[in-house]
Amino acid sequence: MGFEVVGQPVGERKDRIDWGIKQVHAPDIWDLTMGEGIKVAILDTGVDSDHPDLEGNIKLHVDFTRSPSGSEDRIGHGTHVAGIIGAMSNDVGVIGIAPHVSMYCGKVLADNGQGSYEAIIEGIYWSIEQKVDIINMSLGSPTRPPQELYEAIKKAHEIGIIMVSATGNSNTKVGWPAMYDEVIAVSAMDDKNIRAAFSNFGIKNEIMAPGVQILSTYKDGGYAKQSGTSMATPIVTGCIALFLSYCRIKGVEMTLEDIHQKLIDACDDLDVPGRDDYTGYGIINMNKMIIQEG
């Protein structure tokens, strides 16, 4: 989707809180947790590993695309996603939803933005090896992938990794891997809590999150506003990271089924009552998610 490159953000604090992060009430629980102890894999276009808002939280960055640039992000997409999840609280630029997470960035989309199923599969198995808690996939395909990808998805699910993926930006049915039952499918909404016109829909559409003009980190140490279900997905990933961190602090064990149900229960309904094809269960609300567990 479209984007706007911006300069150094300014706001009420030195590291600016984007509207999307406020919309899901993440700052309300930062006194309880900022995502400490949670490992998130970001399978995307790589990352600007030297970005001042990210470098302290990036633990590993590897390339599965055999790109000349290695794991560095030449498009900006992966860096933008990483910032939404875990830009640091350092009085610089912006702050992510879970600013104390550990990020593992696997480049599965090449410098032209395209990727292979083989690279994504490698990225998933690498994420398993790193013992991550969550895999964020702000990517997708309108056609069913080969069985090998599903086998990797199932393996990650079996060992307890939460997978979150974008539904897609074509105003059509939900794509893969979001379509798999083992993956949480995320669609996009604007600042008026209205479904974004580009956001895919259908029976697998589960959770809405802000995805229009989201401010985050960008390639070459910059910042940009971008729109897409790719931006909504890391907001949900960040929310899950906060929740998992809080549960561990409290000594509460959660199964994947428990976590999925908590997400559903913590949504504020949108549009018609109950789950629907266009807005799923609604927008995630971190206040409800933490209060329910607390």
For this session: Per DSSP H run of n ≥ 4, the term is -39500 (n - 2.57); total these for the chain, divide by its residue number, and report the mean residue ellipticity at 222 nm rounded to 500 deg cm²/dmol.
Result: -8500 deg cm²/dmol
Seminar exercise, completed: Full extension between Asp28 and Gln114 adds, at 0.36 nm per residue less the Cα distance, a length in nm of 27.2 nm
Problem set entry | Entries in Lys59/Lys262; Lys131/Lys154; Lys59/Lys219 that, when Cα-Cα distance is taken, lie over 23 Å | Lys59/Lys262
Problem set entry | Counting DSSP beta bridges with both ends in the stretch 42-128, the antiparallel % (nearest 5) | 10
Seminar exercise, completed: With every protein chain kept in place and a 1.4 Å probe, the residues Arg16, Arg66 fall, from largest accessible area down, as Arg66, Arg16
Exercise. Once all Cα-Cα distances of the stretch 33-102 are split into 10 Å bins that start at 0, what whole-number percent is in each one?
Worked result: 23, 55, 20, 2
For this session: Find the relative contact order for the stretch 68-218 and round it to a whole percent, using C-alpha pairs within less than 8 Å whose residues are 6+ positions apart.
Result: 20
Problem set entry | Radius of gyration, Dmax [the chain; alpha carbons; angstrom] | 16.9, 50
Problem set entry | Accessible surface of Met254 - all protein chains present, 1.4 Å probe, nearest 10 Å² | 50
For this session: Take the stretch 161-294, compute every pairwise Cα distance, and split them into 10 Å bins from 0; I just need the percent in each bin.
Result: 13, 44, 32, 10, 0
Seminar exercise, completed: For the stretch 143-153, in residue order, the Karplus 3J(HN,Hα) values (coefficients 6.51, -1.76, 1.60; θ = phi - 60°; whole Hz; Gly and Pro = x) are 10, 5, x, x, 4, 4, 5, 5, 5, 5, 4
Exercise. In terms of modelled amide H atoms, which long-range or inter-chain residues lie less than 5 Å from the amide H of Asp18?
Worked result: Ile95
Exercise. Just for the chain, what percent of DSSP beta bridges are antiparallel, to the closest 5?
Worked result: 35
For this session: Specify, per residue and in Å³, the volume enclosed by the convex hull of the alpha carbon atoms belonging to the stretch 133-220.
Result: 122
Seminar exercise, completed: Per residue, accessible area of the chain with a 1.4 Å probe, heavy atoms of protein chains only, in Å², comes to 39
Seminar exercise, completed: For the chain, the percent of accessible surface on carbon and sulfur atoms (probe 1.4 angstrom, ligands and nucleic acids excluded) is 50
Exercise. Measuring from label point to label point, each 7 Å out along Cα→Cβ, what is the Ser170 to Glu36 span in nm?
Worked result: 4.5
Seminar exercise, completed: Karplus-derived 3J(HN,Hα) from phi for the stretch 243-255 (6.51 cos²θ - 1.76 cosθ + 1.60, θ = phi - 60°), whole Hz, x at Gly and Pro, runs 5, 4, 4, 4, 4, 5, 4, 7, x, 9, 8, 10, 7
Exercise. How large is ³J(HN,Hα) for each residue in the stretch 57-70, as worked out from phi by the Karplus curve 6.51 cos²θ - 1.76 cosθ + 1.60 (θ = phi - 60°), to whole Hz, x for Gly and Pro?
Worked result: 9, 8, 8, 8, 9, 9, 10, 10, 9, 6, 6, x, 7, x
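Give the ranking of Met88, Met137 by solvent-accessible surface, highest area first, calculated with a 1.4 Å probe. Walk me through the intermediate numbers first.
Numbers: Met88 35, Met137 0 Å².
The residues order as Met88, Met137, largest area first.
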Problem set entry | Long-range HN-HN contacts of Ile283 with modeled amide H, under 5 Å | Met208, Asp268, Leu270
Exercise. If exposed GluC sites (Glu not before Pro) are those in a DSSP loop with at most 10 other Cβ within 10 Å, what is the longest stretch of the chain that has none?
Worked result: 13-252
Seminar exercise, completed: Sorting Lys107, Lys262, Lys155, Lys173 on solvent-accessible surface, 1.4 Å probe, most exposed first, gives Lys173, Lys155, Lys262, Lys107
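The values are calculated or read from the model by the stated rules, or taken from the named source; none is laboratory data. Since this is a predicted model, take the numbers as computed values, not measurements. For neighbour counting, all protein chains shown are included, and Cβ atoms are generated from backbone atoms with ideal geometry for every residue, glycine included. Please note that ligands, DNA and RNA were not included when accessible areas were found on the heavy atoms of the full protein model with its side chains. Shrake-Rupley method; radii C 1.70, N 1.55, O 1.52, S 1.80 Å.
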